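**Q** Here it is, the structure in full.
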Amino acid sequence: MKKVYLLLFTVFALVSCDPPHDIIFKNNTDFKAKVILKIKDKAKSYDLGELVTGDSIVFNLIPETDDHIEFGIGTWSDKEIQLITSDLKSLTIKTHDKTVIYDNESQLKKLLTENRSSFPNTKINIEIEE
């Protein structure tokens with residue numbers, strides 16, 4: 001009987017709580033890196049709108065650090081990723097020797113989808129490498 005209660009408690013604990021979901025930018029280089037998210041004029045995401053200055057959100061990352069955007073509770077379903085990518089014009093990652101630009105919805109969707117982690121898809125980890 002104790003096993004049944006323990007099982008039920010575990011199931012309810014896992015099902016009833018919605019974990020926060022974030023996008024994390026991690027600078028794994030020995031140099032400063034910059035992440036620039038250009039936001040569309042009529043962005044629907046409240047979370048992006050809170051961080052935007054002008055038309056951009058900028059993260060200046062020193063070596064071996066990270067920063068993130070919090071998107072409330074939930075998981076990174078394909079629908080959630082679609083909602084975010086539809087609000088972005090581009091995402092640019094600059095390091096000391098290169099610049100990578102994701103400037104269309106399919107590139108952004110692929111980047112975010114391929115970097116989902118942490119069961120059950122509560123984090124998107126974008127690692128900046130040399």
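**Q** Provide the per-residue ³J(HN,Hα) series for segment 66-73, in order, calculated from phi with Karplus coefficients 6.51, -1.76, 1.60 and θ = phi - 60°, each as a whole number of Hz, with x at glycine and proline positions.
**A** 9, 8, 8, 10, 8, 10, x, 8
**Q** With +1 on each Lys and Arg Cβ and -1 on each Asp and Glu Cβ, how big is the dipole of the chain about its Cα centre, in debye rounded to the nearest 20? Display every interim value, and only then the final one.
**A** Values: 17 positive and 21 negative charges, 82 e Å.
It works out to roughly 400 debye.
**Q** Please give the calculated 222 nm ellipticity per residue for the chain, where each DSSP H segment of at least 4 residues contributes -39500 (n - 2.57) and the sum is spread over every residue; nearest 500 deg cm²/dmol? Please report the intermediate quantities before stating the final value.
**A** On the way: 4 runs with 39 residues, N = 130.
Theoretical 222 nm ellipticity from helices: -8500 deg cm²/dmol.
**Q** Please identify the trypsin sites (Lys or Arg not before Pro) of segment 25-130 that satisfy two criteria: DSSP loop assignment and at most 11 other Cβ atoms within 10 Å. Which are they? List each step's numbers first, then the result.
**A** Details: sites: 26, 32, 34, 38, 40, 42, 44, 79, 89, 94, 98, 109, 110, 116, 123; in loops: 32, 40, 42, 44, 98.
Here the sparse-neighbourhood loop sites are 42, 44, 98.
**Q** At 0.890 mPa s and 25 °C, plugging the Kirkwood radius over alpha-carbon pairs of the chain into Stokes-Einstein gives what diffusion coefficient in µm²/s?
**A** Details: Rh = 16.0 Å.
It diffuses with D of about 153 µm²/s by this estimate.
**Q** Sticking with this one: Scan around residue 77 for amide H atoms under 5 Å from its own, H built in the peptide plane at 1.01 Å from N, and keep only partners 5 or more places away or cross-chain.
**A** Residues meeting the criterion, in which the H sits 1.01 Å from N, do not exist here.
Each value in this text was obtained by applying a stated rule to the coordinates, not by laboratory testing. Since the structure is predicted, the reported quantities are computational estimates derived from the model, not experimental observations. Glycine also receives a Cβ, built like all others from the backbone with ideal geometry; neighbour counts cover every protein chain displayed.
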